[in-house]
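Every number here is computed from the coordinates shown, using simple stated rules; none is lab data. Bear in mind that the values here come from a model prediction, so they are computed numbers and not experimental data. All Cβ positions, even for glycine, are placed from backbone atoms using ideal geometry, and neighbour counts span all protein chains on display.
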Ligand code: ZN
């Protein structure tokens, strides 16, 4: 007779296959699909999502999971899979179906309104939709349930087991630590160098990106690199990890660093053991954990003195006119040039977390009923001036700049900063165990670091929640101090200031 686990397995495979089909359709939509296909694709996607939802909420699945919860013969990975699937099952069954449908419809309408509101520079186009989204998300949070505060239920979707209180204290630590560094460094940094704004052919940029992802040991037999306006990484199935990058003639660095960033995500996906991919344990434990990988490759490695010294000669070969005269030191400084800017996605490493902090604080105020959607644009401008030190003249570059809220992604922003905090702590630990990697990085050899990440993070998949995995890797509680120490030492050397 089949064991309970053996009765669960075909269900797991079927759910995974539906996820693979949904993923492939959304990759295709972002990369290949002609605009005319939008409506038929939306219907096909909704059908598959409904099939998946039916399977995830099947009472027979609930019964199997209850039986397995007390099964002493399961392996560590099977136990973790049962725990993770039980969480998904509980969440999915607690939210009434009408609410799931209402949220999906509201998100579609609201995202559409955002695509009109931003070019029109008119918040009132989005406002009623955003009000609906926030109301529905409140209902959803209450249906799922929460202990500390409502925002915890939202955050839990992206960063399981992390709470608003955890995030508030991390941002307090970050804000007070960053302020003196930013003041000193921005005073010393001056104007950005002109080569940053030169024109760089986009076809050559794509060549560089493709060369670079291979340098970083992305396995091309089991992956692809394509173009899309918003770079992303997605696993379609075992042996099929797809990443995208973007190219813009006047933004060489944004293309290169998007490629390194996405390669960080893609290496993580390729590092999750293939034999776990059909099981719920075969994925990253949180978005913040995923972001720790992309940020580490992008910042600690890619924007470091050694790796930039490796990159520069290759870029000079492509653009001798524009870059031929640069020294490695000048290139390194240019790559890290800090500024107070309005836009989060192009912000430098130093000011980036301030952009995230203000978004988190505004979200929290919305869900604590301390702020109304109507007052959001004013609150945004005030926060921007206070936190970053600049204020936009337009709502397009202010409260409307990100699509997240319009898509119902509330509780998502903190994962970006959690990623940078995890990344700095992991990198310290890796260097402590591996020894100095300068020589290797200068030759473009990052394999020792990748091996360390594979062993300590990628291969662990979702055996532990992110917070626990982080503590296991670091050997203590998570703190923003390693990130602050790293920024202090990097920028004091770059601009010869004492911080
Ligand atoms: Zn990312």
Inset, instruction - Return the Rg/Rh value of the stretch 278-425, two decimal places, where both radii are evaluated on C-alpha atoms and Rh is the Kirkwood radius. - result: 1.06
Legend entry - Sequence ranges 296-303, 307-314, 23-30, ranked by mean other-Cβ count within 10 angstrom, highest first: 296-303, 307-314, 23-30
Legend entry - Inter-label distance for residue 472 and residue 248, nm, one decimal - labels placed 7 Å from Cα along Cα-to-Cβ: 4.0 nm
Inset, instruction - Take the stretch 451-499, compute every pairwise Cα distance, and split them into 5 Å bins from 0; I just need the percent in each bin. - result: 4, 18, 19, 16, 14, 12, 10, 6, 2
Inset, instruction - Over the Cα atoms of the stretch 69-115, compute the convex hull volume and normalise it per residue, giving Å³. - result: 79 Å³
Legend entry - Distance in nm between pseudo-label sites at residue 75 and residue 381 (7 Å out along the Cβ direction from Cα): 5.9 nm
Inset, instruction - Please give the residues of the stretch 223-255, grouped as numeric ranges, whose backbone N is less than 19 Å from a label point set 7 Å along the Cα-to-Cβ vector of residue 275. - result: 238-240
Inset, instruction - Work the Kirkwood hydrodynamic radius out for the stretch 74-211: mean of 1/r over every pair of different alpha-carbon atoms, inverted, in Å. - result: 20.1 Å
Legend entry - Where only alpha carbons of the stretch 74-145 are counted, the Rg and the Dmax (Å): 17.3, 57
Legend entry - Relative contact order (percent, whole number), the stretch 94-159, Cα cutoff 8 Å, 6+ residue spacing: 32 percent
Legend entry - Quotient of Cα Rg and 2.2 N^0.38 Å for the stretch 338-387, N being how many residues it contains: 1.18
Inset, instruction - Would you calculate, for the chain, the mean residue ellipticity at 222 nm contributed by helices, counting each DSSP H stretch of 4 or more residues as -39,500 (n - 2.57) and dividing by all residues, to the nearest 500? - result: -20500 deg cm²/dmol
Legend entry - Alpha carbon convex hull of the stretch 154-220, volume per residue in cubic angstrom: 210 Å³
Legend entry - More than 23 angstrom apart: percent of Cα pairs within the stretch 410-499: 32 percent
Inset, instruction - Using only the Cα atoms, work out Rg/Rh for the stretch 17-62, with Rh taken as the Kirkwood radius, to two decimals. - result: 1.10
Inset, instruction - Any chance you could list P(r) for the stretch 1-139, counting all Cα-Cα pairs in 10 angstrom bins from zero, rounded to whole %? - result: 10, 29, 30, 20, 9, 2, 0
Inset, instruction - Using only C-alpha atoms and all pairs of different ones, pull out the Kirkwood radius for the stretch 254-334 in Å with one decimal. - result: 14.4 Å
Legend entry - Efficiency of FRET from Cβ geometry, residue 90 and residue 407, R₀ 25 Å, rounded to 0.05: 0.55
Legend entry - Cα convex hull of the stretch 1-41 - mean projected area over all directions, nm²: 3.5 nm²
Inset, instruction - Evaluate the Debye formula for the chain with equal point scatterers sitting on the alpha carbons, no solvent, and hand back log10 of I(q)/I(0) at q = 0.06, 0.10 Å⁻¹, in q order, two decimals. - result: -0.28, -0.83
Inset, instruction - Diagonalise the Cα gyration tensor of the stretch 1-82 and give the resulting equivalent ellipsoid semi-axes, square root of 5 times each eigenvalue, largest first, whole Å. - result: 34, 13, 9
Legend entry - Translational diffusion coefficient (Stokes-Einstein; Kirkwood radius from C-alpha pairs) of the stretch 154-290 at 25 °C, 0.890 mPa s, in µm²/s: 138 µm²/s
Inset, instruction - Measure nothing but the geometry: give the 0 to 90° angle between the long axis through the Cα atoms of 414-434 and the longest principal axis through the Cα atoms of the chain, rounded to 10°. - result: 70 degrees
Inset, instruction - Using the Kirkwood radius over Cα pairs, work out the Stokes-Einstein diffusion coefficient for the stretch 338-458 at 20 °C and 1.002 mPa s, in µm²/s as a whole number. - result: 129 µm²/s
Legend entry - For the chain: relative contact order, % (alpha-carbon pairs under 8 angstrom, 6 or more apart): 20 percent
Inset, instruction - Determine the distance separating the Cα centre of the stretch 181-227 from the Cα centre of the stretch 408-433; give it in Å without decimals. - result: 21 Å
